[in-house]
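In what follows, a single structure is set out as structure tokens and then discussed.
Since every read-out is calculated from the coordinates, none of them should be taken as a lab result. All of these numbers come straight from a predicted model, not from anything done at the bench. Cβ placement follows ideal geometry from the backbone for every residue including glycine, while neighbour counts extend to all protein chains displayed.
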Amino acid sequence: MNRIKQLRTEKSLSLRDLAKDFSAFLDQHGKKPITNVTISRWENEKNSPTAEMWGLLADYFGVSVDYLQGAWSEKEVLELMSSSLLDNYERIFEMAREYYDEYFFFNDINLDIFSEEEGRLYEVPGTFEETEWKNWIYTKEIRENDYMSLAFVILRCVFLKGLNENLYTAEHIKALTEEQNNLYSKTQKFEVVFYPEFKGYEEVKHFMNSFLDAENGKENFLKAFLQDNYEFEDVLTNVVIEKLMKEKASKETMSLALISIFEKVILRYEEGATGRKYQYVRSRYEVLKDDYHALSKHAYELQKENDRLKAELASKR
């Protein structure tokens, strides 16, 4: 549906008012005037303006032809993400609190990994632990609502962003080192091992609080967030999203496309986490290898000294 009526209403113009005002605008460009009946037929898409007239209408309203013809604007894409978050964040955080540990909710729930067949297995008492059952139930609930799915993948991206930024940082490595000296403290060990997940969940809560408190508008906050984080920066400029915007896709289709884009961001973060883990293990291996060589050398020197003392003792006998 085109936006002629929407823009006319925003200007508080009746059909007659628009016909009179736009006719004056056309006169300035050497064009014949139009009637309110013509505009009404354009608005209801019973007739369509010529390509030239679309251009003149766009100039009159101060918008692009694509937007006037009904294409999505960037602001509307941001509003879709914003409304998805506003409508679903409370339920998503409620699920997290009901999960075995809220810090791991966004780490464990993966919308790409789901099978309806598994649901039958969960009906058998004692087959799976409660955590596994909840994982399946929550994944199913989220997947059944495109807008909840969109809100979830946005928040999961934020979670993984926080996790990556705190994975094997100086603070994390320091904690891991301290853990080695206190292996009997299960609580400390647990907190150390899953430090990045804790930080990731804190990042989600901070993001959501900042979003809700945004003074310059929630859409502006989302746009700034997407542009300030290089992993997210192509969400709004993705060729698929741009094509769907021009083709006036439905909200459901746009939501599914955005979910797919955010899922790719999630994959990049997961690959990054795997890479950082490999680098950490590799660096630990190099340190341990150097320590091993140093200890081997020291053991060799001790063995030589031991042999010397044995020989000296034997000679005195």
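Using R0 = 41 Å, the C-beta based FRET efficiency linking Val37 and Glu79 works out to 0.80.
Computed over neighbours whose Cβ is under 13 Å from that of Ser83, the net charge equals -2, Lys and Arg +1, Asp and Glu -1.
Legend: distances between Cα atoms for Lys11/Lys32; Lys205/Lys246; Lys32/Lys246; Lys134/Lys246; Lys5/Lys75; pairs beyond 28 Å are Lys205/Lys246; Lys32/Lys246; Lys134/Lys246. Please work out the FRET efficiency for the pair Asn44 and Ser260, using the Cβ-Cβ distance as r and a Förster radius of 35 Å; give the result to the nearest 0.05. My answer for the efficiency is 0.55. Within straight-line reach of Lys174, meaning a Cα separation under 18 Å, sit the following aspartates and glutamates at least 8 residues removed in sequence or on another chain: Glu165, Glu191, Glu197, Glu286.
Taking 0.36 nm per residue of sequence separation and removing the Cα-Cα distance, the Glu141/Glu52 pair yields an extension gain of 27.2 nm. Lysines near Lys304 by alpha-carbon distance under 30 Å, same-chain residues fewer than 8 away left out - which ones? Answer for Lys304, where 30 Å is the Cα cut-off: Lys289, Lys316, listed by chain and number.
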